[in-house]
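One structure is given below, encoded as structure tokens.
The values are calculated or read from the model by the stated rules, or taken from the named source; none is laboratory data. Note that this is a predicted model, so its numbers are computed, not measured. Cβ sites come from the backbone with ideal geometry, for glycine too, and all protein chains shown count toward neighbours.
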Amino acid sequence: MKALMKAMVLERHGGPLVQAERSVPEVKSGHLVIKISHCGVCRTDLHIIDKDLPDPKLPLIPGHEIVGTVALIGDNVQGFSLGDRVGVPWLGSTCGHCRWCISERENLCDSAKFTGYTLDGGYAEFCLTDARYCFHLPEGYDDAKAAPLLCAGLIGYRSYKMCGDAKKIGIYGFGAAAHIIAQLAVHENRRLYAFVRPQDNDARGLALNLGCQWAGDSDGPCPEKLDAAIIFAPIGALVPHALSNLDKAGKLILGGIHMSELPAMPYDILWQERSIRSVTNLTRADAVEFFAKASQFNINCSVTVYPLDKANDALSDLRAGKFTGAAVLRI
């Protein structure tokens with residue numbers, strides 16, 4: 001008889017997740033079976049449930065900010081030992097030979113598979129994962145606080161990198177990704193300006209406590225012209241507001257996997273060589289760079305922890321903005 005594990009499963013679009021028992025995955029060549037300790041709850045999980053992202057695997061075990069230990073090792077795996085602590089991110093596999101993969105842009109691979117979307121993820125006691133897309137995690141982070149690094153941190157870092165050498169950076173949507181990247185940016189002597197929902201005093205206070213120069217309403221003016229801005233909130237209406245706060249040649253980075261429709265806007269707020277660029281997934285090189293930086297100083301992730309069987313509550317609270325920072329499931 002196969003061993004069983006507890007899991008929270010998406011059986012239909014719109015949810016809710018259903019508590020179920022599933023077989024513990026069998027190890028395959030090139031893969032690891034991970035005994036999961038914690039898994040972050042990401043806004044992308046909401047986009048999958050709400051069908052903002054097309055064609056997820058159904059039934060599906062969501063979750064792509066996985067922290068756990070290696071329980072089984074398949075053939076042809078190098079660099080991992082039983083009991084190693086590892087992280088499993090959104091990017092689950094790529095083909096390795098298309099024009100995107102061979103040009104260091106594997107995040108755009110047409111055949112990519114994604115943890116917790118087209119592959120079963122981390123809202124469970126175990127998961128199967130391609131060893132080439134797993135990472136040893138920096139020491140100094142307990143499992144709960146390491147989990148958000150696997151997506152909020154990695155996608156946030158890719159967005160931050162696209163800001164180039166910008167000295168003054170605005171951040172729209174001060175949630176999981178923003179509160180991680182803000183700490184890195186302040187550590188690297190950037191000046192940050194946080195744009196939060198009106199009356200969201202918790203997010204405003206968190207931004208200021210993390211070293212932002214200023215925190216104000218998301219639809220308002222910035223006290224200074226910005227070299228770059230990142231929008232993490234999935235709200236297309238923020239795009240013209242952010243553009244209007246950019247200096248000449250400023251860069252606007254859209255850091256989400258999904259965003260509501262962009263409104264019509266006057267050309268003059270884009271003129272003078274301002275630019276808009278979206279962020280798609282991550283590369284393994286992003287992860288190597290980010291975890292190296294995360295090991296140099298302590299990124300203090302603010303987490304609200306829920307037990308696995310309260311995953312629906314965590315998702316509802318995320319949707320309603322009931323916490324600052326990130327939500328994490330304790331498996």
Q.
Restricting to region 221-245, and then to whatever is buried (at least 22 other Cβ atoms within 10 Å of the Cβ) and in contact with a helix residue (DSSP H, G or I) (Cβ under 8 Å, 6 or more places away or on another chain), can you tell me which residue is farthest from D165 (Cα to Cα)?
A. F232
Q | Residue count for region 2-39, restricted to those that are in contact with a helix residue (DSSP H, G or I) (Cβ under 7 Å, 6 or more places away or on another chain), closer than 23 Å to Y306 by Cα, in a strand (DSSP E or B) and not basic (K, R) | A | 6
Q: Residue by residue through region 300-331, note down the ones that are among the aliphatic types (A, V, I, L, M) and without any contact (Cβ under 8 Å) to a residue 24 or more places away in the chain.
A: A320
Q | Subset of region 303-322 [surrounded by 18 or more Cβ atoms within 10 Å (Cβ to Cβ) and either modelled with pLDDT under 95 or closer than 16 Å to A20 by Cβ (or both)] | A | L308, A311
(Q) Which count do you get for residues in region 277-299 that are out of contact with any Asp or Glu (no Cβ under 8 Å at 6 or more places or on another chain) and either more than 29 Å from V239 (Cα to Cα) or crowded, with 17+ Cβ neighbours inside 10 Å (or both)? (A) 15
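Of E261, E289, E224, E273, which residue is charged (D, E, K, R), modelled with pLDDT of 95 or more, on the phi > 0 side of the Ramachandran plot and not assigned by TED's automatic domain parsing to the domain that holds P62? First the steps, then the outcome.
Details: E261 fails: on the phi > 0 side of the Ramachandran plot; E289 fails: on the phi > 0 side of the Ramachandran plot; E224 fails: on the phi > 0 side of the Ramachandran plot.
After applying the criteria, what remains is E273.
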Q.
Any residue at all in region 237-252 that's at pLDDT below 95 and either touching a Gly at 6+ places or on another chain (Cβ under 6 Å) or charged (D, E, K, R) (or both)?
A. no
Q. In this structure, does V70 turn out to be at pLDDT 95 or above, over 20 Å from the mean Cα position of the chain (by Cα) and surrounded by 19 or more Cβ atoms within 10 Å (Cβ to Cβ)?
A. yes
Q) What number of residues within region 196-218 are loosely packed, with under 14 Cβ neighbours inside 10 Å and either modelled with pLDDT under 90 or of a type in the set (K, R) (or both)? A) 2
